[in-house]
Structures are given as structure tokens and as C-alpha cells.
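Read the structure below first, then the notes.
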Ligand code: FE
């Protein structure tokens, strides 16, 4: 009898420690080096252990879906609002009602139902070859359909979520008919079939295969800050142009975080979410990723400051996520491969 009692006490102690284990499990699409030092600092400050699993954005969503409520993940860190919205729609996330997050993350850069919150923002302007394009020739995203760019434009493929979200912003501004015409014009202007990532578009412009493209600025910043002289030389031939400065502003998106529906360490995960929007974390994370902090008053990395202070489109990112499926159909219709 005494032995049984002792066993029960030990069992309940074990259960108790499992339930209160100060730990957060993260699924992140960020490369380990671009997030781990921050997580280690969080552990040093709070005593909460962090376990990190990194992978490709869409693969992480599939994994979460497969694991269901048995998933060990507490926090999902991924990029682009369309993907965060997809995670919410797939019921992989849950709402976080938290005063700090709602206060410091601007309303445009978090989900209206509190399922996801921006951690950094990223811009997708026009990048061009100043030797072949005069700045006076540039104006709006819409102008990329002009016949003056015939055979001079590079774009990555339409299956990329970055372009999908940029098109969603244009769709809100211009409606479906104009957006379809615009995309057909851009497709007609391509110098080669869409292929490769953002860095490949930059290299193609530098190599003279095309004269201008659409990319996220952190790819250009990465080439500039690279240890490789070849990369530096590519970046040296390129310039950033901020489109739509007289109307809706340049397209901005986010990298973001969401509490998983299956989270077993909710309180600690939310503590980490709060930490991610602290000034210290915002500064470090924005700098190593060459992105913009989302929290007002935190300075942007020098490499981005050199590109100027653009007017950003403040369209609701939730809306961009909601329009994603319609956008994919429109891109298909425009034969944007
Ligand atoms: Fe990227």
C-alpha cells in the first residue's frame, strides 16, 4: 500500500513537471543562424528553454497539418502574409489576446482575429540597372506593362507567394480587369520565361539579360553585405526604385509568428512572442535578416536606410491573404508561368 502511494506521488510529480516545463518548441523557416542567437538570449533572460526545428515554409505547414493536435510545435515563424493566412485557414493556429502584441505591432501588420503578428516587414520595390534605365522612366508598378519595357523585364514565377501578395495589393487598388491587363502586359515584356528566386532576378539584371525586376530588398542587401566580391559586384550594378509613391505606396509584406493550435506551452510561447517585439530583439532580428523592424521607433538597418524612406502601402495584410486564391487564378489567366 505504501509502495503504491509512493508510486502515485512520483507519477504526479512527473506529470506536474511535464506540464510546467519551461519550454517552447518552434517551427521556423528562418535559417538557424538568423534566429538562434536571439532564442539563446531569450533563454538566458527568462530560463525558458527553446527547441528549434527549421524547414521550408510550406513544408512546415504540411508537417503541422499532418501532426494535428499531437504536434510538439508551440510557435510557427514563417514569411509572407499569404502563408500565415493559409496556416490560419488550415486551422493550425490560434488567437492570442495579448496587450503587448496588440499595442506594438501596427494594426496593418497583424491578423484581425489575432492569429498572426508581424515580426519584421519587407519591401518589394523595382530594382533596375541605372546604366540602362533612367529613373525618369520609372513610376508605378502598373507602368511595368508599358511597351517601353518589351523584352527588358525579369520576374520570378507566379507560384511564388511574394508576387502573389504584390498582385493582391494591385487587385485591391485596381480591380480584376485592370489587374489582368497589367499582368498580361508584364508577361509580354519578359526577356525570358519566369524562373529562379529573387537573387536570380538580380543577377539577370546585373548580367544584362533584363533591365529591371521586382524583388524583396533583403536579397539585394544580402549581396551587398556578402563576403563574396562577385556578389558585391552584382549589387553594385543595381539600384532601388520605390514605385507608387504618389498613390498607394510600395508593396510591403511581413515575416510573422503564430501560436499553434496544438501548443502545449502556451504561456511560455506567448512570452517569446512578446520578446520578439521587444526593442532589443527587433534591432537584432531586423539587422541579421536585412528587414525592417515592425515596431515603431526601432531604427532600420543601415543597409536599408541607404535605399531611402519609402511610402509603404498600408493595405490590410489580412485582405491580401484572403485574396490569394483569386490572385493565383488571375495570374494563371494572364499566363504568368
Ligand atoms: Fe525570401
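The values are calculated or read from the model by the stated rules, or taken from the named source; none is laboratory data. All values derive from a computational prediction rather than experimental measurement. FYI the Cβ positions are ideal-geometry reconstructions off the backbone, even for glycines, and counts take in every protein chain you see.
Data table
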item: Sole exception among (1) at pLDDT below 95; (2) over 28 Å from residue 95 (Cβ atoms); (3) out of contact with any strand residue (DSSP E or B) (no Cβ under 7 Å at 6 or more places or on another chain) for residue 31, by number; result: (3)
item: Checking residue 131 against (1) in the same structural domain as residue 289 (by TED's automatic domain parsing); (2) in a loop (DSSP other than H, G, I, E, B); (3) more than 19 Å from the chain's Cα centre (by Cα), the condition it does not meet; result: (1)
item: Members of the stretch 105-123 that are within 16 Å of the ligand (Cβ to nearest atom) and within 16 Å of residue 270 (Cα to Cα); result: 118, 119
item: Restricting the stretch 74-85 to residues that are away from the ligand (no atom under 16 Å from the Cβ) and either out of contact with any helix residue (DSSP H, G or I) (no Cβ under 6 Å at 6 or more places or on another chain) or part of a strand (DSSP E or B) (or both), the residue that is nearest to residue 251 (Cα to Cα); result: 76
item: Qualifying residue in the stretch 254-265 (condition: in the same structural domain as residue 90 (by TED's automatic domain parsing), surrounded by fewer than 21 Cβ atoms within 10 Å (Cβ to Cβ), in a loop (DSSP other than H, G, I, E, B) and touching a helix residue (DSSP H, G or I) at 6+ places or on another chain (Cβ under 8 Å)); result: yes
item: Residue within the stretch 228-250 that is at pLDDT 95 or above and within 29 Å of residue 43 (Cβ to Cβ) present; result: no
item: Boolean, residue 220 is in contact with a strand residue (DSSP E or B) (Cβ under 7 Å, 6 or more places away or on another chain), more than 16 Å from the ligand (Cβ to nearest atom) and not in a loop (DSSP other than H, G, I, E, B); result: no
item: Residue in the stretch 165-188 that is within 16 Å of the ligand (Cβ to nearest atom) and surrounded by 19 or more Cβ atoms within 10 Å (Cβ to Cβ) present; result: yes
item: Count of residues meeting criterion [in contact (Cβ under 8 Å) with a residue 60 or more places away in the chain, touching a helix residue (DSSP H, G or I) at 6+ places or on another chain (Cβ under 7 Å) and assigned to a loop (DSSP other than H, G, I, E, B)] in the stretch 286-328; result: 11
item: Residue check, residue 135 surrounded by fewer than 16 Cβ atoms within 10 Å (Cβ to Cβ) and touching a residue at least 60 places away in the same chain (Cβ under 8 Å); result: yes
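To keep it simple, each residue is scored yes or no on (1) at pLDDT 95 or above; (2) in the same structural domain as residue 274 (by TED's automatic domain parsing); (3) not in a strand (DSSP E or B).
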residue	(1), (2), (3)
19	no, yes, yes
27	yes, yes, no
41	yes, yes, yes
52	yes, yes, no
58	no, yes, yes
72	yes, yes, yes
